[in-house]
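The values are calculated or read from the model by the stated rules, or taken from the named source; none is laboratory data. As the structure is a computational prediction, the values presented were derived from the model and not from experiment. FYI the Cβ positions are ideal-geometry reconstructions off the backbone, even for glycines, and counts take in every protein chain you see. For the accessible areas, the whole protein counts, side chains as well, though only heavy atoms, and no ligand, DNA or RNA atoms are used. Shrake-Rupley method; radii C 1.70, N 1.55, O 1.52, S 1.80 Å.
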Amino acid sequence: MESQQIRAKFLDFFKSKHHHIVPSAPMVLKNDPTLMFTNSGMAPFKEFFLGNSTPKSTRIADTQKCLRVSGKHNDLEEVGYDTYHHTMFEMLGNWSFGDYFKKEAITWAWELLTKVYKIDKDILYVTVFEGSKEDGTAMDQEAYDIWKQIIPENRILMGNKKDNFWEMGEQGPCGPCSEIHVDIRSEKEKAKIDGKTLINKDHPQVVEIWNLVFMQYNRKANGSLEDLPAKHIDTGMGFERLCMVLQNVTSNYDTDVFTPLIREIETITDTTYGSDKKTDIAIRVISDHIRAVAFSIADGQLPSNNGAGYVIRRILRRAIRYGFTFLNKKEPFIYRLVDVLSKKMSAAFPEIKAQKQLIENVVKEEEASFLRTLDQGLVLLDRIISETKNKEVSGDKAFELYDTYGFPIDLTALILSERGLTLDEKGFQTELEKQKNRSRAASETITDDWIVLKHDAHEEFVGYDILEANVKLTRYRKVTSKKEGTLYQLVFNMTPFYAEGGGQVGDKGYLEAPNGDVIYIIDTKKINNVIIHFAKNLPKELNETFKVVVDKKQRYRTACNHTATHLLHQALREILGSHIEQKGSAVHSKYLRFDFSHFSKMKEEELRDVENFVNARIAGKLPLQEQRNIPMQQAINEGAIALFGEKYGDSVRTIRFGQSMELCGGTHVQNTGDIWYFKIISESAIAAGIRRIEAITNDAVKDFYTENNTAMLKIKSLLNNTKEPIKALQNLQDENAALKKQIEGLLKDKAKNVKQELKAQLEEINGVQFLATKVDLDQNSIKNILFELGSEMDNLFAVVAASPAPEKAILTCYISKNTANEKGYNAGKVVRELGTYIHGGGGGQNFFATAGGKNPEGISKALEQAKTYVV
Ligand code: SER
């Protein structure tokens, strides 16, 4: 059975059990501060388990793209080394939200596996939760009894809290689980060792395939459990493992999910999978990681230097590094796998095909840039090796290479061992630990439990229509972190505050108590679909009715920028073409930022055209046409633009201004005329094939023109109030260039004289022509003179200082190669040591090096000390 069929059969089966089939939610989560990536099939449904919202259907099934590379569930370092862990994988799941419970979940799972997929019962085992003293939870007798009707008791095993109690994170919904395991070893091996003893023992052919979780508790911040308002089912089956079983192979990588990728890697790198342990690991790493990276990019997450983007960059770099070391690929090649991946996956996940070109470009660019980093790292490592005296490279040097230059530590260790050197691994670990502690201390957060004042699950957002409301506090909690101090998170029964989302910032404003006390709301965010207001203090009386007021000015400016963002999107599609895809946006009160796919820098005329297009629609005074709660399909049929990587509900809101129509939850102006004017401030590249436009509207444009005008007046006045400032500036530039040329000539003459003077100062000490002096020349001229002197003799040792500016000092050291080699001198070491006198540092090669510092007063001492090297 091909993987495609296996997936379809799962969904069809649960459809027949009256489940609503939904598409996979995005793998990269936006607007969820507690989770970066969807790490399990249930993550998109968290809000339903917590009772924050009600699902449209109480039975749902899907296949969900998951990524386990950070936080509580992180498999990254194992991937490649075994045959059944992945960074990205698909989780097939069925859910009951307060509908059916253990009996149906268990019997249907069994029916699907043994009747539909026809898996031999004799290779299946199940586990049941044994209970936990620590939590005060009992053994799951109910599940045991249900299984007993289905499977012989000797195939039911008891499991502890680690294996049979599922938790999404440190806090939140959880419950006991029952897992189904397969034993796909050969009969010969089975005869030797009983499969039962290998369950949960990391055997590659005795693995868990399906986890049935019986959600019934909520884990609180203090570690205790409370009952959830209703009981739910959350099941997750590893799709790739299921394919392994049904395709009669013993590794996930031998299923048709991976083999096309592996064949392509073999072709590109001229290797054979299965012929060498190290090559095999590299091939598995690359075939796994390209999936994680490609799907993340398709979901709108580009590799970057922080947050989720950094995790993606690290995954891709791990793949590049394995290709570099074990497949000997020194040029980009991983991007070439995207085509194969797209062919394999696009039927189930059309986002890959739709964004293939972008994914290829981004991956190729990342590969090229990391390969340059590796090249640079190799040069730096060479230098470190040449300076290492005792055959061991210190931990802090290796750490600097890793931390500052991004050079992988295992590569450092490998190269050192090839050169007969060792690495001070303990020292490296100490440095790494120190850095981790620094960032941990900076980011540590303590989140208290919610204090519930009023059980009112429903919190209404009224902020599209009004900016003030009288509200009740329904719950709050305290969150303390080093970075932000103590903050209170407040939830009201209704709120006019817009929570950060869809790129738009959260509202700010205040809360007023009946006694006149005012508390500022400094931000608003959505967590698990609840609108949370952030404040530095709590009201004294919590059960009052409060007046909450949104900062109108900020909201209005933000609305101008949001509407302008839609018009900009429309303009780009009209002017540059329909390949334009929104790749991110940030709508603030002061400016807007819009990222989109486009392959070349925009020309001046294009930018002007885009500005004119938007401004024409502003001048056209187009009214807002809003539709709330219309079915998704209707919105799409009417021409609304939906974005890849966004999670939309069944009913959506549409925003239309003239011909621009988008699915959008943000706040907008009533009429485009309110925007007043739109101005692009910059256009730049943020990644291969992704451009960024920053723009301003309304008051910010007025400020922009006022500032520019003031600057212009100042420029004119500096140019003696000329009427033609541009021409005057050009004249100045020409004059400047001519003067520079003259100075260069004069410096050359001066250098000739200085060279003669330096020659006269040479002093012969122990067979070395020694010189230590200060001159009044620029760095380049000093270098030229020293190289000329160096070519006239083979025993020069010169240290020349200069102070080109009041707080600047430079030191240059030249040692003839002969002398440096014979006597073990090192110019780099000399300038580093003498550099301390001028409060600076530097380096270079062993025959020539320079240092710069801030303390010219230290020059004479440095020159005095120079002699100590030769006497
Ligand atoms: N949440 C469970 C898991 O991820 C079952 O879906 O294993």
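Here the Kirkwood formula puts the hydrodynamic radius of the range 597-656 at 14.3 Å, using every distinct Cα pair.
Here's how it looks for residue 681: its modeled amide H is under 5 Å from those of 694, 695, 696, which are all 5 or more places away or on a different chain.
Close amide H partners of residue 469, meaning residues 5 or more places away or on another chain with modelled amide H under 5 Å apart, are 548. Placing +1 on the Cβ of every Lys and Arg and -1 on the Cβ of every Asp and Glu, with nothing else charged, gives the chain a dipole about its Cα centre of roughly 1040 debye. When the Cα positions of 172, 86, 648 are compared along the charge dipole of the chain, 648 comes out farthest toward the positive end, with charges on each C-beta of Lys, Arg, Asp and Glu. Helix-only arithmetic for the chain: the sum of -39500 (n - 2.57) across DSSP H runs with n ≥ 4, divided by the residue total, places the mean residue ellipticity at 222 nm at -12500 deg cm²/dmol. Shown in residue order for the range 705-721 are the 3J(HN,Hα) couplings computed by the Karplus curve 6.51 cos²θ - 1.76 cosθ + 1.60 at θ = phi - 60°: 5, 5, 4, 5, 5, 4, 4, 4, 4, 5, 4, 4, 5, 5, 9, 6, 6 Hz (x for Gly and Pro). A cut-off of 5 Å between modelled amide H atoms, ignoring neighbours fewer than 5 places along the same chain, links residue 37 with 29. Taking every protein chain into account, the 1.4 Å probe leaves residue 12 with about 90 Å² of accessible area, to the nearest ten.
Taking the longest Cα principal axis of the chain as reference, the axis of helix 3-16 is set at about 40 degrees. Across all directions, the average flat footprint of the convex hull enclosing the Cα atoms of the range 544-672 is 9.7 nm². Taking all protein chains together, 605, 626, 351 sort by accessible area into 605, 626, 351, largest first [probe 1.4 Å]. Assuming charge only on the beta carbon of Lys and Arg (+1) and of Asp and Glu (-1), the dipole of the range 239-371 about its Cα centre is about 260 debye to the nearest 20. Classify the range 669-724: rounded, prolate or oblate, from the alpha-carbon gyration tensor (a ≥ b ≥ c, eigenvalue square roots; a/c under 1.5 rounded; otherwise prolate if a/b is larger than b/c)? Verdict is oblate for the range 669-724.
Compared with the dominant Cα axis of the chain, that is its longest principal axis, helix 552-575 is turned about 80°. Over all other residues within a Cβ to Cβ distance under 14 Å of residue 7, the charged ones net out to -1, with Lys and Arg as +1 and Asp and Glu as -1. Legend: residue pairs 740/867; 552/603; 102/201; 755/861; 115/201, Cα-Cα distance threshold 30 Å; pairs beyond threshold, 740/867; 552/603. Taking all protein chains as they are arranged and a probe of 1.4 Å, the heavy atoms of residue 158 leave approximately 80 Å² accessible to solvent. Note on residue 155: accessible area approximately 40 square angstrom, rounded to 10, probe 1.4 Å, nucleic acids and ligands left out. For the range 728-735, putting each phi into the Karplus relation 6.51 cos²θ - 1.76 cosθ + 1.60 with θ = phi - 60° gives couplings of 4, 5, 4, 4, 4, 4, 4, 4 Hz, in residue order, rounded to whole numbers and with x for Gly and Pro.
Compute the Cα gyration tensor for the range 196-312, then decide on rounded, prolate or oblate, letting a ≥ b ≥ c be the square roots of its eigenvalues: rounded whenever a/c is under 1.5, prolate when a/b is larger than b/c in the other cases, and oblate in all that remain. Cα axes put the range 196-312 in the oblate bin.
Solvent-accessible area assigned to carbon and sulfur over the chain amounts to 48 percent, based on a 1.4 Å probe. Residues in the chain average 47 Å² of solvent-accessible surface per residue, probe 1.4 Å, ligands and nucleic acids excluded.
Taking Cα atoms only, the orientation of helix 425-443 departs from the longest principal axis of the chain by about 70 degrees.
Positive-end ranking of 600, 624, 569 along the dipole of the range 558-626, with charges on Cβ about the Cα centre, is headed by 624.
Which is farthest toward the positive dipole end of the chain among 693, 474, 287, measuring Cα position about the Cα centre, with Cβ charges +1 (Lys, Arg) and -1 (Asp, Glu)? After comparing all options, I get 693. The value of relative contact order for the chain, using C-alpha pairs under 8 Å at least six residues apart, is 7 percent. What you get for the range 51-172, charging only the Cβ of Lys and Arg (+1) and of Asp and Glu (-1), is a dipole of about 400 debye around the Cα centre.
Residue by residue, the range 149-158 carries 3J(HN,Hα) couplings of 6, 9, 9, x, 4, 6, 9, 9, 10, 8 Hz when phi is fed to the Karplus relation 6.51 cos²θ - 1.76 cosθ + 1.60 (θ = phi - 60°); x denotes Gly or Pro. When Lys and Arg each count +1 and Asp and Glu each count -1, what net charge do the other residues less than 13 Å away from residue 246, Cβ to Cβ, add up to? Value of the local net charge: -1. Panel values: the range 1-97, Kirkwood radius from alpha carbon pairs, Stokes-Einstein at 4 °C and 1.567 mPa s, translational diffusion coefficient 89 µm²/s. With all pairs of different C-alpha atoms in the average, the Kirkwood value for the hydrodynamic radius of the chain is 32.3 Å.
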